[in-house]
Each structure stands twice: as structure tokens, then as C-alpha cells.
Amino acid sequence: MTSPLVYIVDDDASFLTATSRLLRVSGFAVRTFPSAAEFLARRDAGAPGCVVTDLHMPEMDGLELQAALAETGNPLPILFLTGQGDIPSSVRAMRGGAEDFLEKRAPKEMLLDAVKRALARDASDRAARGRQRAAAARLESLTERECEVLGFVVRGLLNKQIADKLGIGERTVKLHRTAITTKLGVPSVAELTRLAQAAGILP
Amino acid sequence: MLWVGTQAGGLNRLSRPGVTAYPVGTGAAQGEVLGLAECPAGEYWAATWGGGLHRGPLGDMALEAGVPELQRFPFLRTVLSLDHGGLGVSGADLIGRRDAQGGDFNVTMLVDAGVTAVCEDADSSLLFGGKTGVLQRLRAGTVEPVPSGNFTSPFMAMAKGKQPGVWVATHGAGLFHWDQGKLERWTTAEGLPTNLLRALHEDAAGTLWIGTSGGGLAWLKDGRIHSVDSSKGLVNDSICPILEDAEGNLWLGSIHGISRVSKGELFDVAAGRSGAVHPLALDESDGMPASECTAAHSPAGLRSASGLLLFSTTRHIVAVDPKQFPATAGTPPPEVRIEAVVADRRSMDPKAAELAFPPGVQEMTFEFTAFNYLKPDRIRFRHRLKEADGEWTTPSRQRSARFSLLPPGDYTFEVNAANEDGRWHETGASLAFTVQPFYWQTVWFRTLAVLLVMAGSGGMVWKVARGRIRHAQERERLARAEAETLERRHEVAHLTRVAMLGELSSALAHELNQPLGAILRNAEAGELFMADPAPDLDEIRAILVDIRKDNQRAGSVIDRMRGLLKRHALETGTLSVAELTGEVAGLLRADAARRNVTLEIKVPDDLPPVLGDRVHLQQVLLNLVINALDALADAALEIRCVSVHARLDASKMIEVSVSDTGPGISPGGLAKIFDPFFTTKANGMGMGLAISRTIIKAHGGELWAENNDGPGATFRFTLPAARDNAGT
């Protein structure tokens, strides 16, 4: 497991350097980027960490960065820094899942606490995604048809209904069900449903 | 075999009032608890999926090992207490019964029946159904078909009522009443919220309560179906099982815990007399081992002889003692008190007559609590900042609220608390407070500026008028008056600059915050570097260099501000238009970015310089560009653009234009915009353009406005080119 990185994005070179110094000497691994576009292009796509970004930047601003990052498979928690209070932006940022919203001249304790919180949240988000992937991996041992059958089973369809939907015999459906429970080692429909939920098949 | 009936054996072990979880089975004998029965009083039975049949007093249940079929086929779903001490049990592969206490089980094996619901008929035979959707009868160890028994959808629950016959809830075909072949049916057409049903319970008044899968709780009363779901306050829309306590309240199981709801409230909501029910919700925090009730089959829960309500969950039986949850309808919701207010880690006195936060406060935290000695952890809070967005937050158990970076103004923080039954206190608590502005954000400062400007320009207008009337006779006095006017004009110009600076303050603050923030971070980092026993001196040196540079940067921002603020006599010189526009753009770029406006500057390289006063011309440009930015407040984001262009016109004058893409100027406005006190802005003084025109005229140029062919308006002014370069 790589250690988590704090990505700092700010168009103000001096502020960028100063912030990275403070975080480095406080024990965080840091990478800096002068713009949102550069961050999106050059970050370690899968690595754990969090983002500390200026809210107002030319070209792509912090909120746009937040939206772009949310669409990737690795949505890191974001900490916004701003020169001055800006309620509409902070509301939008918080609705978009911002970890925190700090003034640029906030005391160092607030910044360091916020970074720690963001990294902790990333770790727990990551663990949750890991569980989902593990569940999905278990489901990967199933054939396509078995997956289809599973989808119906967990939605509560009867063998007969599944057979109708797939245009196969009810007996075949039963065979598929046996195969599913054997492969997954799950005895009951309730457990299957839970597994499917964990894997994100069911909402 | 000897069964000893104990009186709800586990009760004295209750670790928490009201809710106790009893594990069922261990190791291989463990299975999901799906069915429950009590027979006789104090002796409980649990049918488990994969773990066989368990029995015993609560907290001390053991595997029933005396029936070999149940050992070999341990996938059981239901267990049912029968008349005369009998017991019925069924599962995936079998159905069985014992006719009296201590009697032997007679087990009938079935092929792929998947029995989910069992009921005892009037003649003591067992009616049962399962995933096949067909009702069958077990009489004397033999399975018989029944007339009109095909309900086409899987059985989820059966129940007996006062009338002869049985109720059947199906998963897909709705509700049936079957009485020896006489069949009645209710579906969504008759008012059910869904045909996917989960649980049934007929109460003493003959009302049939129906738990649905996704449609909330429905009931059949006097031939009509009513329903209430989570949009009306129900905790969950999938309900199983439904139990009733001695007070006539319903207790509903769901995968998100157990909730209690009063029938009266349900009736009120259905009749439109009330908007929502206020259920009491129990979950893990109340001692449930897991919040989900398994409860897919019938009967999955029961009210014990001693009045306990038993629910089956994955590995446990959860016993709820309804007496520990007295109805709170009569008791008032808890009173909230705001206990502490903290601003940037400093405590403030919430009882202060006027709570005021200093300018620039970053973070404020309100701590509050409510008093309820019985269940302090069940109180839920919600709060809002009335002036900021006015919406209540989602209720939670958190006892503090945090706000960051509130702009200056008066606010009211309101907080309210609800009982465990969701009843909110009538008033809650509130606290008015003020975030104090910096001096340039204050009303008095702005008013003063406006008043001074009005006094100054009023005087100016009057002097000019008087000068015009009397100019024939009183040339001398006119000359004096004009000198005075010029003096006043400088004063007014100065004051408008001060006012403009107020408008610019947020942009300037942003510009100052960059270097100041960097200095702060560098200094903090430097301190930490120094704390090292062998400090990295190179790094510290670099930090000091950066601090000095940022200090200069902050200084230059302040110099620019002071340049504008200084009262100043006309100093005419040659000025580069590119520099002039560049300085103005520098002051406004951050502001423009904040408003999502593209600021476009186009000045040809070979443009000759102009003759004029730097500060005054800056003021004109600032004024025009700020107006243009203001004009774009409501414009679509994609078209927000302010362009500043300069060119040499045909008469060798330099023309500077400021265009926006806003709504343009109304025809009536076009004639008046340069009049003093004419303004379209809520906070405008209507002096900016009047003064700008005076300044440009004093420079020998013209300032005028026109609407664009496309969207928006353009302001143009001309200035004479400086002579030394004009000829080239």
C-alpha cells in the first residue's frame, strides 16, 4: 500500500510552495500542481490521498476540478482554500462532497486537522470501495447467464418467471441457481441479495 | 421429553431497558432465524434456515435434536403454535406437526415445496403454501389439494381472523381471503399500494394490517384499503412482521430496525386529519445486534404470553418490552439550550445581550443540548441559519453546528429538538448574532462617502449653474467659482475612488490574501523546521527569501490602493494606454474571475501615449469596467465578457472602448446615464459616470455610451494623443 499523498493545486506559485513546505514538515507526502488541468493529467490515478485546492483559479477552478475528479474512478476528498468567504461557492462545494472549506489564512492547526480528516475519509472510502470490488470479484466466477439469473433471483423472481424471461427451461434455471450458490458459497437468497448489494448490482 | 415452561427466563438479564437480543444456535446449528413460536408460555421455538429447530427459554435455547428429519433437512422457515399445545413446523422440504405437548412430530416430506406460511384451519388441519403459490392442506400426515387454491404468486404470510377462513398475502398477486374454496381478492386496483406483500396481522377490531414490500403499511377496514408510507413519516416502506402491544400500538419490523406507530395516528393520516405519523424507531443504538429483521415469512414474530414482542433477526431473537417505551404523546418534546459559542477557538458568551463576532471570523461553532433524562441519546436535533439559507438540516444526534466564513451581517441561529417519537419542540432555541464588518464594509462608512459626494457634487452643480446665469456680468467671480468647482471636483473624484475601493475590497482582499497566506504558511513551516535538532538551514533560508518576496507583493497591492486613496492635484503627463489598462485589469482581474467574466484587453503596440492624469484616468476606466462587470450579473455564463479596446481614430484622437455583453441600456436611460444621481444599481450613488464625463472633458476628450448591435452596451471615451508622439 503506497502512503497517501496530499495534492496541492494553486495557481499562485508562492502560496503553493509555502503550503507544501508546511505540510511536508508536518509529515505528509506532498505533490504540487500549478493548475487543475495539470493535476488531472499528472496525478497518480489510483493512489490514495486528498486534494487541497484553491477555489478561484483561471481556466479550471476548484469547483470544476471537483466535478472532473468525481467522474474518475478515484474520487479523492477535496479541501478548498479561498481568499475570502464566498457562501454560494462553499455551499456548492459542500453539496459536491467537499471535505472542508478553509480560508487561506486559517491557522495551521485547522489546515492540518482538515488534511488529516480528509486522508482518514479517503482511507475509509477506499476500504468501502475495496469491499465492493471484493464482492464483485466473487461474482466474476459466475458465467454471464448465471449473472443474469442472479440478477432476477435477487429481485425476487421465481424460477418459472426467470425461465420465461430468459426463454429457457425451469429446470435449467434451477441448475443455474445451484451453480450460483455453490460457486459463491452462499446458502440463502437473503445472503445472495446482500452480496449483490455489496457488489453494486442491486441499489 | 420434559419441557419446563419458564417465565420468560432471560428477562432479568436485560442489559438495557426495553430491548434484549438472545442468540439462537451456535456453530453448525446456527442459521438465519426466520420463524418464531411460543408453546407453552415461556417456551420458545425458532425455525432457522440451515440451523434446524431450536427451543427453550429465551437466552437458553438449544437445538431440538429429537426429530431426525429436522436434523437432515434443517432449512426451516416457519414454526407455529397450534391449539391444544400442538406445534407445526415447515421448511424447504417438509411440513410436520405435533398434536400435543410432549407428543411426537409427524413429518411429511415434500418435493420442492418451499413452504413459507402455515395456518391452522378450523378443523385443526394445517393449511400451508409456499413459493409455488398453491394452497394445500395437511391432514393426518397427507397433503391434500384445496378448491380454488392456486394464487399464482408465492405466499409470504397467512393469518387467521375473526371470520372463518384465512388471509393470504402473496408476493405479486396481492391479498386473498380464502374460505373453503370461496375466494376474495384485493390488488392495487382495490387500493393496495403494491401487490408485493410481506406480512399480515388482524387486530381485535377486525382491521387487517398488511405489511408490503416497498409500499409501506396498508390496512383493510370495513371493506376499504388505506395505506401510509415513508413519505408520511413511516420509518420503512418494507414491513415484516407486524406485532401489536397491549396498548394497541403496532410494532413493525423492517431491515432498518423496529418501529412503533400508533393506530390512531395512522387513521388520522389516512383521513387527512394529520400530515404524518411519528414512529418510535429502534435500531442498533438501542441494543439490536443488527438492525435487520429477517422476517420474510409467517409467523416471523410474536407477542409472548408475558407481553414481550419478539422479532427474528439474522442470528438473534430480539425481545422488545413495550412497557419500557411509554407513549410520549402527552410528554412535551425536550427543551433545547444553546450552551456554548466558539469563534475561531475562542469561547463567546451565548447569554451576552448582543452577541457579535469580530470582523473576519472564520469559523463559529454552536453547541447545544436538550434535557431528557430517560433517553438523552434519542433526542434528534435540527438547526438552521435563518438568513443564510433558511433550510433546516437533516435531523441528527449531533449536538453542535459549525459555520465557516459568514459574510458580515445579522443572523439568527435556530435549533430545535425532537423526542424519540419525532415530535419537535414548538419553539426550540434561537440566538441572534452579528458578524461585524470591516470598516469599509459598514453602512456608516458607505453612507458617509455618499453624503460627502452628494454635498460635493451638489455644490458643484449649483456653482456651475450659478456661473452660467451670471457669466455675462460676473466673469471674475465665475473664474473664482470655476476654480472652486475644480477643487470640489477633485474632492468628489477622490470620494468616488474611496467608494469604488469599497466595491473592490473583496477582490483586493483576495489579492492580499495570497501573499499573506503564503507568508503565514512559510512562517509556520519555518518554525517547524527550526524545531528539528539539526534544522535544514537551506530550506529556512529559502523560506525567508520567499517571505520577503511575498511581503513586497503585498506591499505593492497596498501601494496601488493608496495611489487611489490619495487626495491629489491634477498631474498631467504622458501615459501609456497599455500600462493604464494593464493596471486597471490588475486591480479587477480577481473580481472578474470571481464573477465568471472574461476580461479581454486589446491595445495595439504602436498606439501613441496620451496626455493626462494617471489616477483620474484610472478612475474612469475602473468605473467603466466595474459598471460593465455589474451589467453581467444576470447574463448567461457562456457569454460573460468585458472587452477593453483602444485605437487611434481618424482625427488622431485615442479612443478607448469598454464593452459588455449584458442587457444594454434602456432608451430612456441612454439619455440620462451621465446625469448626477442617475443610477440603475441598488447600491449605486449615480455619481460614477457623471464624474467620469467631467474628468474626460477636463482632459479635452468626450465620453459617451451606445448600445451594441449584439447584446450589451459600449462606453467610449477619447483622449488627445500626446504631442511628441502624435506626429509619427
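The values are calculated or read from the model by the stated rules, or taken from the named source; none is laboratory data. Every value quoted in this text rests on a predicted model; they were computed, and no experiment measured them. Cβ atoms come from the backbone with ideal geometry, glycine included; neighbour counts cover every protein chain shown.
With respect to the conditions (1) modelled with pLDDT of 90 or more; (2) in a helix (DSSP H, G or I), B:Asn623 lacks only one, and its number is (1). For segment A:1-33, a tally of residues being surrounded by fewer than 19 Cβ atoms within 10 Å (Cβ to Cβ) and free of Cβ contacts under 8 Å to residues at least 12 places away in the same chain returns 2.
Conditions tested, residue by residue: (1) touching a helix residue (DSSP H, G or I) at 6+ places or on another chain (Cβ under 7 Å); (2) modelled with pLDDT under 90.
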| position | (1), (2) |
| --- | --- |
| B:Gln180 | no, yes |
| B:Thr187 | no, no |
| B:Ala204 | no, yes |
| B:Ile210 | no, no |
| B:Lys232 | yes, yes |
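In summary, A:Leu119 fulfils each of the numbered conditions (1) under 30 Å from B:Glu524 (Cα atoms); (2) within 14 Å of another protein chain (Cβ to nearest Cβ) with the single exception of condition (2).
Scan segment B:66-101 for residues that are of a type in the set (Ser, Thr, Tyr) and surrounded by fewer than 21 Cβ atoms within 10 Å (Cβ to Cβ) and jot them down. Walk me through how you get there before you give the answer.
Here is the first cut: in segment B:66-101, the ones of a type in the set (Ser, Thr, Tyr) are B:78, B:81, B:90.
Listed by number, the list holds a single entry, B:Ser81.
Among the candidates A:Phe39, A:Phe80, the residue that is over 30 Å from B:Pro533 (Cα atoms), away from chain B (no Cβ under 14 Å), aromatic (Phe, Trp, Tyr) and not in a loop (DSSP other than H, G, I, E, B) is uniquely A:Phe39. Please verify whether A:Gly156 is more than 20 Å from the chain's Cα centre (by Cα) and on the phi > 0 side of the Ramachandran plot, treating the condition exactly as stated. Yes, satisfied. Note on segment A:144-203: among residues that are away from chain B (no Cβ under 14 Å) and of a type in the set (Val, Ile, Thr), the one that is surrounded by the most Cβ atoms within 10 Å (Cβ to Cβ) is A:Val149. Filtering segment B:111-126 to residues that are within 53 Å of the chain's Cα centre (by Cα) and at negative phi leaves B:Val111, B:Ala113, B:Val115, B:Thr116, B:Ala117, B:Val118, B:Cys119, B:Glu120, B:Asp121, B:Leu126.
Check B:Ala218, B:Ala204, B:Ala173, B:Ala246 and return the single one that is part of a strand (DSSP E or B) and at negative phi. Quick ask: steps written out before the conclusion?
On the way: B:Ala204 fails: part of a strand (DSSP E or B); B:Ala173 fails: part of a strand (DSSP E or B); B:Ala246 fails: part of a strand (DSSP E or B).
The match here is B:Ala218.
If you scan segment B:38-47, which residues turn out to be away from chain A (no Cβ under 14 Å) and assigned to a strand (DSSP E or B)?
Kept after step one, since they are away from chain A (no Cβ under 14 Å), are these residues of segment B:38-47: B:38-46.
Matches in segment B:38-47: B:Glu38, B:Tyr44, B:Trp45, B:Ala46.
For segment B:516-540, residues that are at the interface with another protein chain (Cβ under 8 Å from one of its Cβ atoms), more than 35 Å from the chain's Cα centre (by Cα) and touching a residue at least 24 places away in the same chain (Cβ under 8 Å) total 2. The one condition from (1) under 54 Å from the mean Cα position of the chain (by Cα); (2) farther than 25 Å from A:Val153 by Cα that B:Leu94 does not meet is (2). If the condition is being among the aliphatic types (A, V, I, L, M) and at pLDDT 70 or above, then segment B:666-705 contributes B:Leu670, B:Ala671, B:Ile673, B:Leu689, B:Ala690, B:Ile691, B:Ile695, B:Ile696, B:Ala698, B:Leu703, B:Ala705. Only residues that are assigned to a loop (DSSP other than H, G, I, E, B), over 21 Å from B:Leu138 (Cα atoms) and among the hydrophobic types (A, V, I, L, M, F, W, C) were counted in segment B:48-87, giving 3.
Please work out if B:Ala319 is crowded, with 18+ Cβ neighbours inside 10 Å, among the small types (Gly, Ala, Ser), closer than 30 Å to B:Tyr22 by Cβ and at pLDDT 75 or above. The answer is yes for B:Ala319. Taking the listed residues B:Leu175, B:Leu197, the one that is within 14 Å of chain A (Cβ to nearest Cβ), within 19 Å of B:Gly130 (Cα to Cα) and in contact (Cβ under 8 Å) with a residue 24 or more places away in the chain is B:Leu197, with no other qualifying. Residue under question is B:Ser254, and the condition is that it be crowded, with 19+ Cβ neighbours inside 10 Å and either within 27 Å of B:Arg423 (Cα to Cα) or free of Cβ contacts under 8 Å to residues at least 40 places away in the same chain (or both); does it hold? Yes, satisfied. Whether a residue is buried (at least 23 other Cβ atoms within 10 Å of the Cβ) and not in a helix (DSSP H, G or I) was assessed, and B:Thr212 passes this test.
To keep it simple, each residue is scored yes or no on (1) within 16 Å of B:Gly88 (Cβ to Cβ); (2) basic (Lys, Arg); (3) assigned to a loop (DSSP other than H, G, I, E, B).
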position: B:Thr108; (1), (2), (3): yes, no, no
position: B:Leu127; (1), (2), (3): yes, no, no
position: B:Val143; (1), (2), (3): yes, no, no
position: B:Val146; (1), (2), (3): no, no, no
position: B:Gly149; (1), (2), (3): no, no, no
position: B:Met156; (1), (2), (3): no, no, no
position: B:Pro164; (1), (2), (3): no, no, yes
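Every test in (1) under 27 Å from B:Ile210 (Cβ atoms); (2) surrounded by fewer than 17 Cβ atoms within 10 Å (Cβ to Cβ); (3) of a type in the set (Val, Ile, Thr) is passed by B:Val111 save one, and that test is (1). Modelled with pLDDT under 85, more than 10 Å from chain B (Cβ to nearest Cβ) and under 17 Å from the mean Cα position of the chain (by Cα): is that true of A:Gly62 in this structure? Taking the combined requirement at face value, the residue does not satisfy it. Of all residues in segment A:127-141, one or more are touching a Lys or Arg at 6+ places or on another chain (Cβ under 8 Å) and either of a type in the set (Gly, Ala, Ser) or without any contact (Cβ under 8 Å) to a residue 24 or more places away in the chain (or both).
Within segment A:14-31, restricting attention to residues that are within 13 Å of B:Gly517 (Cβ to Cβ) and of a type in the set (A, V, I, L, M, F, W, C), which residue is farthest from the other protein chains (Cβ to nearest Cβ)? Only one residue tops the list, namely A:Leu16.
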